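A.B. asks: Input: one structure, supplied below.
The values are calculated or read from the model by the stated rules, or taken from the named source; none is laboratory data. Treat the numbers as computed from the prediction; the structure is a model and nothing was measured. Heads up, the Cβs are rebuilt from the backbone with ideal geometry, glycines too, and the neighbour counts pull from every protein chain shown. When the accessible area is computed, the model is the full protein with side chains, heavy atoms only, and any ligands, DNA or RNA have been set aside. Shrake-Rupley method; radii C 1.70, N 1.55, O 1.52, S 1.80 Å.
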Amino acid sequence: VLNILADGLSWKGICENASALIPNILKFFSKGIIFDQSFSTVEYTYPALAGIETGLYQHKTGIAKPGIPMELDPFYVTASEQMKKLGYYCVNIQGDAQGIYNGATRGFDRLIVNHWILRAMDGVERVIRHLETFDECDSFLFMHFADTHPYNADVSTPAYASVHLALADVLQPQDREKSVFLKPNPLSQYVNRSEIRAVDRQLGHLFDYLTTHYEDDEYIVLLYSDHGTSVHARSSYLMSEEQTGAALMARGAGVPQLGRVNELTSSVDIYKILGKLAGYPIDAPYLDGNLPEVFGGQRREYTVSNSIYPGQTYKICVRTERYAFHLETEEFTREDGTISLDRYTYHIHERSESYREVFDDALARYFLDIVWKYTESFRR
């Protein structure tokens, strides 16, 4: 069983050009499921990883701003702990250590940590060497790479970008903002797409290895991203389609061969999808994830993406198949993760190319009711 985390891969930012950018990924997962309408619950990795590994929203894990010591409640069982109970040899084959101290990655027998440099090519080779070394084990592997994650402009510009872009774009003023606030620009977009193509070449090698050495019912592969990126965003909302539109794909034992589907999914659903396929229990009442209809569950009515970051305004986006509702508070999120909804602004638009703004009191009340219920436990 192989979980692949493509850090920052914006599915909504690339899906229209997917056939040119990721032909190997599409070829492999076309014999499984590719969710075109999947969204992350948050906008950056630290809380996103905890949500994926537990099937819980951020306000339940309590894991927020990096540097603030928070530990996952032992009551919650992580995916790796579940897989360990099933008898798998659990190895974090390549990770950035963010889940070690807060408990999100507890349950692994072995963790190979690269704090900053997470290259897909290294992860692919490690996976293959592990499978050849521990060929008599049932392995659960987690591979995290960051080639697909855009970074600030002060990171060295690759030579191919210097050669092919206009000089003004290559020498653009450096953006010192955190990566989640990067504005769309030709350099970041070009580099990101080029790195995605490179990742596709490298994953193509891994997928060829898997299909050559295993039958389809002998493996499960999930590929997903923890969030998207702002550099491809068409709107200024932090919770934009491109910033929170995440990849989610599955292939192997128990996965129906449906190709690309439009069912709404969330990153908290990954926990239940893996449980359904691998065989661990997914009926705990505290879980926030949903088992998608294509796996025998029910269709989601909506997804929720939000930003709970102390010292910044609280932002939330609720999406249905047709509409997106964006809300932002005037007051900052407090250090303990609580928020105030005394004063806020909101905006509704169609989830279409036009982004047409919608003014409808009944629709606004529908979304506000969802927000009020969702924030009940951390609203003061």
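A.B. asks: Kindly state which helices (runs of 4 or more DSSP H) lie completely within segment 164-272 and contain at least 1 residues that are under 22 Å from the mean Cα position of the chain (by Cα) and not aliphatic (A, V, I, L, M).
C.D. replies: Hits in segment 164-272: 186-213, 241-244.
A.B. asks: Sticking with this one: Can you tell me which of (1) over 30 Å from D138 (Cβ atoms); (2) out of contact with any strand residue (DSSP E or B) (no Cβ under 7 Å at 6 or more places or on another chain); (3) not small (G, A, S) is the one K315 doesn't meet?
C.D. replies: Just one mismatch for K315, condition (2).
A.B. asks: If we scan segment 340-349, do we find a residue that is more than 24 Å from the chain's Cα centre (by Cα) and closer than 22 Å to L56 by Cβ?
C.D. replies: yes
A.B. asks: Hey, can you tell me all the residues within segment 10-39 that are among the hydroxyl-bearing types (S, T, Y) and over 21 Å from N185 (Cβ atoms)?
C.D. replies: Of everything in segment 10-39, those that are among the hydroxyl-bearing types (S, T, Y) and over 21 Å from N185 (Cβ atoms) turn out to be S19, S30, S38.
A.B. asks: Report, by residue number, each residue of segment 4-34 that is surrounded by fewer than 17 Cβ atoms within 10 Å (Cβ to Cβ) and in a loop (DSSP other than H, G, I, E, B).
C.D. replies: S30, K31
A.B. asks: Of the residues S162, S156, S139, which single one is open to solvent by less than 70 Å² (accessible area, probe 1.4 Å) and either touching a helix residue (DSSP H, G or I) at 6+ places or on another chain (Cβ under 6 Å) or free of Cβ contacts under 8 Å to residues at least 40 places away in the same chain (or both)? Write out each step before concluding.
C.D. replies: Details: S156 fails: open to solvent by less than 70 Å² (accessible area, probe 1.4 Å); S139 fails: either touching a helix residue (DSSP H, G or I) at 6+ places or on another chain (Cβ under 6 Å) or free of Cβ contacts under 8 Å to residues at least 40 places away in the same chain (or both).
Result: S162 is the single residue among S162, S156, S139 that is open to solvent by less than 70 Å² (accessible area, probe 1.4 Å) and either touching a helix residue (DSSP H, G or I) at 6+ places or on another chain (Cβ under 6 Å) or free of Cβ contacts under 8 Å to residues at least 40 places away in the same chain (or both).
A.B. asks: Output the residues belonging to segment 51-104 that are open to solvent by less than 10 Å² (accessible area, probe 1.4 Å), of a type outside the set (S, T, N, Q) and without any contact (Cβ under 8 Å) to a residue 60 or more places away in the chain.
C.D. replies: I63, L72, C90, V91, I93, G95, G99, G103, A104 - these are the residues of segment 51-104 that are open to solvent by less than 10 Å² (accessible area, probe 1.4 Å), of a type outside the set (S, T, N, Q) and without any contact (Cβ under 8 Å) to a residue 60 or more places away in the chain.
A.B. asks: Within segment 245-277, can you find the residues that are closer than 23 Å to Y76 by Cβ, out of contact with any Asp or Glu (no Cβ under 6 Å at 6 or more places or on another chain) and among the β-branched types (V, I, T)?
C.D. replies: T265, I270, I273
A.B. asks: Could you check how many residues of segment 135-166 are closer than 22 Å to G204 by Cα and touching a Phe, Trp or Tyr at 6+ places or on another chain (Cβ under 8 Å)?
C.D. replies: Here the count works out to 3.
A.B. asks: Out of the residues in segment 105-136 that are open to solvent by 30 Å² or more (accessible area, probe 1.4 Å) and of a type in the set (S, T, N, Q), state the one that is farthest from T45 (Cα to Cα).
C.D. replies: Within segment 105-136, the match that is farthest from T45 (Cα to Cα) is T133.
A.B. asks: Residues in segment 92-130 that are closer than 12 Å to H144 by Cβ and either in contact with a Pro (Cβ under 7 Å, 6 or more places away or on another chain) or assigned to a strand (DSSP E or B) (or both): how many?
C.D. replies: The number of residues fulfilling the criteria is 7.
A.B. asks: I'd like to verify a number: residues in segment 299-351 that are open to solvent by 60 Å² or more (accessible area, probe 1.4 Å), within 30 Å of V261 (Cα to Cα) and free of Cβ contacts under 8 Å to residues at least 60 places away in the same chain, how many?
C.D. replies: 4
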